[in-house]
Every structure is written in structure tokens, then in C-alpha cells.
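> Structure provided below as C-alpha cells; questions to follow.
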Amino acid sequence: MGLLKEVLLLPAAPVRGTGWVLRQLVAEAERQYHDPGVIQHELRALAQELDDGLIDEAEFDRREDELLDRLEAAREQRHRGL
């Protein structure tokens, strides 16, 4: 029965493969989004933008708050073991 099922589902293989690739991409994006090292790198880059005059204090504060919230959530997630 397994072989027959695979033969019948063969035309859908590209769709199933695409779904698998998309799931892998989403998982990697979420891993990077919640990676404390990545977030700390983004904080350093943000501070550099402020130092270079590319953004003002208000923009820095807004984006810094978002990054710090992400960092706190990432640390809580790691602490819970998720």
C-alpha cells in the first residue's frame, strides 16, 4: 500500500517539496529573529547609526526598545527551554 500511495502522490511531490522548503525557511528566520547574538549585533549597529548621525534620538529609542523587548523574550524562551 505504501508504494501505491507514493506513486499516486508523485504528481504532488513538487508542492510537498516546496512546503518543506518554506517550513525550513520560516524555522530559520524565527531562529535568527530570537537569537540573542543577532539581536545584540543589531543593537550595536543601531548605536553606530546614531553615532554616525543617520538616525535621531527618537528613532534610536523606538528601535532600541523593540530590540530590547526581543532580547528579553529570547532570553525567557531559552530559560524555559523552548
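Bear in mind these aren't lab numbers, they're just calculated from the coordinates by the rules spelled out. As the structure is a computational prediction, the values presented were derived from the model and not from experiment. Every residue, glycine among them, receives a Cβ derived from its backbone with ideal geometry; neighbour counts consider all protein chains shown.
> Over the chain, what is the relative contact order in percent, taking alpha-carbon pairs closer than 8 angstrom and at least six residues apart?
Answer for the chain is 30 percent.
> Further question: Roughly how big is the range 1-78's charge dipole about its Cα centre, with Cβ charges of +1 (Lys, Arg) and -1 (Asp, Glu), in debye to the nearest 20?
Working: 10 positive and 18 negative charges, 217 e Å.
Dipole of the range 1-78, to the nearest 20 debye: 1040 debye.
> With unit charges on the beta carbons (Lys and Arg positive, Asp and Glu negative) and the dipole taken about the Cα centre of the chain, which residue among Leu67, Leu43, Leu9 sits farthest to the positive side?
Leu9
> Here's a follow-up. Could you state the number of Å between the C-alpha centres of the range 1-22 and the range 41-65?
Each part reduced to its Cα centre gives a spacing of 47 Å.
> Still on this structure, I have one more. Helix hunt in the chain: which complete DSSP H runs extend at least 24 Å axially by C-alpha with mean Kyte-Doolittle at least -1.0?
Values: long enough: 13-33 (30 Å, -0.34); 57-80 (34 Å, -1.90).
TM-like helix candidates: 13-33.
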